[in-house]
Amino acid sequence: MLLDTGTVCSFADYFVICSGETERQIRAIYEEVEHALKKAGVPAIHYEGTADSGWLLLDYGDVIVHIFAAEEREYYQLDKLWSQANLVLRIQ
């Protein structure tokens, strides 16, 4: 899910919220996002969480990427928390 948070959030313009089914898949998503953006010359400002915790955050300044395990995504409900943001893209 890609949310345009620019009108409802003071610290980021976009949130990417996605899920992995396993710890290995969560780590793979994280590594691919990091690799692709580093290759494009966009270094992360901050990282938080671990794949085994079920939640990873990659902060790129205007874009924040959240990678969740299903249970943690349901628990934190960022989709609902930021429901005032404009939905740009949803892939299921």
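Values as computed for the structure displayed
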{"quantity": "Residues within region 19-41 that are assigned to a helix (DSSP H, G or I) and exposed (fewer than 14 other Cβ atoms within 10 Å of the Cβ), tallied", "calculated": "7"}
{"quantity": "Pairs with Cβ under 8 Å, 6+ apart, first in region 21-33 and under 14 Å from L57 (Cα atoms), second at pLDDT below 95 and assigned to a helix (DSSP H, G or I)", "calculated": "I26/A51; R27/A51; Y30/A51"}
{"quantity": "Y47 being modelled with pLDDT under 95, within 13 Å of the chain's Cα centre (by Cα) and either outside any loop (DSSP other than H, G, I, E, B) or hydroxyl-bearing (S, T, Y) (or both)", "calculated": "yes"}
{"quantity": "Test: residue in region 28-35 that is over 22 Å from A85 (Cβ atoms), hydroxyl-bearing (S, T, Y) and at pLDDT below 95", "calculated": "no"}
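The values are calculated or read from the model by the stated rules, or taken from the named source; none is laboratory data. Bear in mind that the values here come from a model prediction, so they are computed numbers and not experimental data. No Cβ is skipped: glycine too gets one built from the backbone with ideal geometry, and neighbour counts run over all protein chains shown.
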